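Working notes for the structure below.
The values are calculated or read from the model by the stated rules, or taken from the named source; none is laboratory data. Keep in mind it's a predicted model, so treat the numbers as computed, not measured. Using ideal geometry, Cβ is built from the backbone for each residue, glycine included, and neighbour counts are taken over all protein chains shown. Just the protein is used for accessible areas: all its heavy atoms, side chains included, with ligands, DNA and RNA removed. Shrake-Rupley method; radii C 1.70, N 1.55, O 1.52, S 1.80 Å.
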Amino acid sequence: MSGEAAAGLRRDAVGLREVLFQSVTAMAPAAAVAASIPAGAAFAGGSLPLAVLIALVACLFTASCVAELARELPAAGSVATYAAQGLHPAVGFLVGWGYVFVEALVPPLLLLQLGFTAAGTLHDEWASYPADLWWPWALAGAAVIAVAGYLGVQASARFGTVLGVFEIAVFLVFAGWLIIRAGGHNSLSVFGTSHTADGYGGVSGVFAGSVYTVLAFAGFEAAAPLAEETRDPRRTMHRAVLGAALGIGLFYVVTTYAMTVYFGPGRFASFGAAGEASWQGVARASFGLFWVLVFLAVVNSTIANANACANVSTRTAFALARIRVLPRVLATLHPRYRSPVAGIAVQTAVAVGAVLGLGFGYDPVTAFLLLATVIVTVVIGVYIVVNLACAGYFLRRGRPSLKPVRHLLLPLLGIVAFVPALLTAAGLPVFDFVTKLTAPVSYAGPVVGVWMAAGVVVLLVLVRRHPERIAETARVHLEDDAPDVVAAQNGARPR
């Protein structure tokens, strides 16, 4: 392996604040509040705050499992390493194969959203601006993300922190304003089942709303791939993963409550992601130019999310290339910034290719829905496997380390919580609230199937020719680094 690859990622480059916001921005809180969570209103109606609260509790089951494994196994391979140690190295390889694929697709997903959100808003304000001139915004976003990643984890993580603080601050201020303006309409009844949408009465409406809301939590694990670049990674990773899931979950509850009581729980089933009955629509109608801040927060959220997930995809690819189960070139690091420059170049090419190819081949909104379906289907599947891996890992460790509630009950509850979300994301009509996918969004299933089948083929070849490489997916490289190598990376003289 090249000298750049062998030296490893920069140690102790970031701390709790940066990795916390790595997970926070990967959840895209502003975009989720404005565009994703309202999908649950069609079922939960004015009881959507209860649905969000239930989704938060459900996601904390899996977040706890990820946090436990991140503390025990601080590795850039993150979920791949967890599955390899908790289940089997072959499972770890397949998890990593699927995870790096979909995380590489998240930046183009968000760049598409950036493009059509910016173009659509500008067209609404100035009719002379073409509504279909979305692609320059997407390409500009891709350039910003590539530069931040190239400059290293400190630059990209701090960039994400600034963006994350801005979007959260805007929506919290707006939420406080909504609560004040709601006045006597503030009511805890929205945390009951009396305001669900027609046709989805009581608990069934809340359950359906919570399933759609669960999808807004995807990304809480994104801090984990930065473990090898983080100070005190065992303690920091655990706090970052749990802190992001809990903190943003509460943010979702507060903002959803605020809009529900202001808009009116009785008519909240009509609330959505666009038009007058939306966050931006309400801001436009009632709060003057404040809508500009809401718009900027959503745009900001797309860039921050793309930046965070580019970090995830390039670190996961680096980890798999380091053990030579992916092309070795992806383990190449910049000699100064210690950033995975080859991975960043590939990530940028994938982003630009997917944005332009799918965006012009269909349209940016359809391309967004197709990529979102591919991504969420695989990510939810990864969460289910990680829950299993948590139980497997601590059962293997034996009684001194095993805590039955934390390591057995919570993983089981996490699986139960995410199975309905997986079926919903895949468009499998097991529940009456699941919408069956139509073409081209329905192509997501075959795309995932082909990619994972290719992974099985690669796995079989590696098992036959280089079985030691598959075994390496379980390795925690941070534990193997000599102190002199770590010191050299940070500019100190070897002892």
Open item on the list: Scan region 325-334 and tell me whether some residue there is part of a loop (DSSP other than H, G, I, E, B) and β-branched (V, I, T).
Closed with: yes
Open item on the list: As an exercise: evaluate V144 against (1) open to solvent by less than 60 Å² (accessible area, probe 1.4 Å); (2) farther than 23 Å from A274 by Cα; (3) at pLDDT 95 or above and give the number of the one condition it does not meet.
Closed with: (1)
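Listed here are the residues, each with its yes/no results for (1) of a type in the set (S, T, N, Q); (2) open to solvent by 10 Å² or more (accessible area, probe 1.4 Å); (3) modelled with pLDDT under 95.
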site: A39; (1), (2), (3): no, yes, yes
site: A80; (1), (2), (3): no, no, no
site: A83; (1), (2), (3): no, no, no
site: G115; (1), (2), (3): no, no, no
site: H123; (1), (2), (3): no, yes, yes
site: L133; (1), (2), (3): no, yes, no
site: W137; (1), (2), (3): no, yes, no
Task: Among residues of region 405-437, those that are modelled with pLDDT under 95, among the aliphatic types (A, V, I, L, M), in a helix (DSSP H, G or I) and in contact with a Ser or Thr (Cβ under 8 Å, 6 or more places away or on another chain), counted - done: 3
- [ ] Give the residue, chosen from R315, R284, R324, that is open to solvent by 10 Å² or more (accessible area, probe 1.4 Å), of a type in the set (D, E, K, R) and under 30 Å from L459 (Cβ atoms).
- [x] R324
Open item on the list: Given (1) of a type in the set (A, V, I, L, M, F, W, C); (2) surrounded by 24 or more Cβ atoms within 10 Å (Cβ to Cβ); (3) modelled with pLDDT of 95 or more, identify the lone condition not met by A76.
Closed with: (3)
- [ ] May I ask you to list the residues in region 180-218 that are outside any helix (DSSP H, G or I), surrounded by fewer than 17 Cβ atoms within 10 Å (Cβ to Cβ) and not polar (S, T, N, Q)?
- [x] G192, D198, G199, G201, G202
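Quick one: is N300 under 30 Å from S156 (Cα atoms) and open to solvent by less than 10 Å² (accessible area, probe 1.4 Å)?
Criteria not met by N300.
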TODO: Please determine, by comparing only the residues of region 367-402 that are among the hydroxyl-bearing types (S, T, Y) and modelled with pLDDT of 95 or more, which one is least open to solvent (accessible area, probe 1.4 Å).
DONE: Y383
TODO: Determine if region 449-457 includes at least one residue that is more than 14 Å from T377 (Cα to Cα), open to solvent by less than 40 Å² (accessible area, probe 1.4 Å) and not hydrophobic (A, V, I, L, M, F, W, C).
DONE: yes
Task: V190 vs. criteria touching a Pro at 6+ places or on another chain (Cβ under 6 Å) and of a type in the set (A, V, I, L, M) - done: yes
